[in-house]
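Some notes on the structure that comes next.
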Amino acid sequence: AQRVTQPEKLLSVFKGAPVELKCNYSYSGSPELFWYVQYSRQRLQLLLRHISRESIKGFTADLNKGETSFHLKKPFAQEEDSAMYYCALQTTDSWGKLQFGAGTQVVVTP
Amino acid sequence: DTGVSQNPRHKITKRGQNVTFRCDPISEHNRLYWYRQTLGQGPEFLTYFQNEAQLEKSRLLSDRFSAERPKGSFSTLEIQRTEQGDSAMYLCASMGENTGELFFGEGSRLTVL
């Protein structure tokens, strides 16, 4: 069975510092990986997905199949990045059926 | 607001009572999903519909849970004979045909006393 692990429950960084959120997965097939974000008092929303290879709000994530990882990175954290971040995995042909990690709370302090 | 709408937003009930949640998806989205989220965990998949057809149900969905989407538009999730372990946030999401992006509602928080 597939599994998504986010080892850090809380990540506290200073404004302007780099931030990296770790995500590891286990799945024997070809996964699709996502990062979803939930800002305070807002609904869960898609931040980025690996197939789009985009940088969203300065965040990037690279799928490393050898290490089965999909870490989220931003070189210079901003206060508005404070939020809950969830890594999620979708298996082949399972549109919308996601396996989420437990989430990482990011706090950016000035 | 044309996003996914859920109600009620909060429900407090006594153990053994039945509760029903409603989800109105984005109108042009044919796929609708229910997830459950408990404290400190990510959302867990419960079930999903393509139009009015319920295509998959998780093992988490015991026989006390039933979901419907009668006309392929809004959906309801009913929990019968609630237990304290049912206390959670119930999230609804919708997606357009094979776009891969889920649009979530704000959730319905259930507290079973």
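The values are calculated or read from the model by the stated rules, or taken from the named source; none is laboratory data. Computed from a predicted structure; not experimentally measured. Virtual Cβ from ideal backbone geometry, glycine too; neighbours counted across all protein chains shown.
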remark   = If you go through A:Ala102, A:Ala88, the only one that is in a strand (DSSP E or B), within 12 Å of the chain's Cα centre (by Cα) and small (Gly, Ala, Ser) is A:Ala88
note = Within the stretch B:1-29, restricting to residues that are assigned to a loop (DSSP other than H, G, I, E, B) and within 11 Å of another protein chain (Cβ to nearest Cβ), the one that is surrounded by the fewest Cβ atoms within 10 Å (Cβ to Cβ) is B:Asp1
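Mind counting the residues in the stretch B:64-101 that are modelled with pLDDT of 95 or more and over 15 Å from B:Pro8 (Cα atoms)? Before the answer, list the steps.
Restricting attention to the stretch B:64-101, the residues satisfying the condition of being modelled with pLDDT of 95 or more are B:64-69, B:74-94.
Of the ones still in play, those that are also over 15 Å from B:Pro8 (Cα atoms) are B:64-69, B:80-86, B:93-94.
Summing the residues that are modelled with pLDDT of 95 or more and over 15 Å from B:Pro8 (Cα atoms) in the stretch B:64-101 gives 15.
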task = Please verify whether the stretch B:73-96 includes one or more residues that are buried (at least 17 other Cβ atoms within 10 Å of the Cβ), within 14 Å of another protein chain (Cβ to nearest Cβ) and assigned to a loop (DSSP other than H, G, I, E, B).
result = no
task = Taking the residues in the stretch A:49-68 that are touching a residue at least 12 places away in the same chain (Cβ under 8 Å) and more than 30 Å from A:Pro110 (Cβ to Cβ) as candidates, determine which candidate is surrounded by the most Cβ atoms within 10 Å (Cβ to Cβ).
result = A:Arg49
ask   = With B:Ser108, B:Ser66 as the choices, which residue is within 14 Å of chain A (Cβ to nearest Cβ) and surrounded by 15 or more Cβ atoms within 10 Å (Cβ to Cβ)?
value = B:Ser108
remark   = Matching residues in the stretch B:33-72 (more than 14 Å from the chain's Cα centre (by Cα) and under 22 Å from A:Trp35 (Cβ atoms)) number 4
task = Give the residue, chosen from A:Gly96, A:Gly101, that is touching a Cys at 6+ places or on another chain (Cβ under 7 Å) and within 9 Å of another protein chain (Cβ to nearest Cβ).
result = A:Gly101
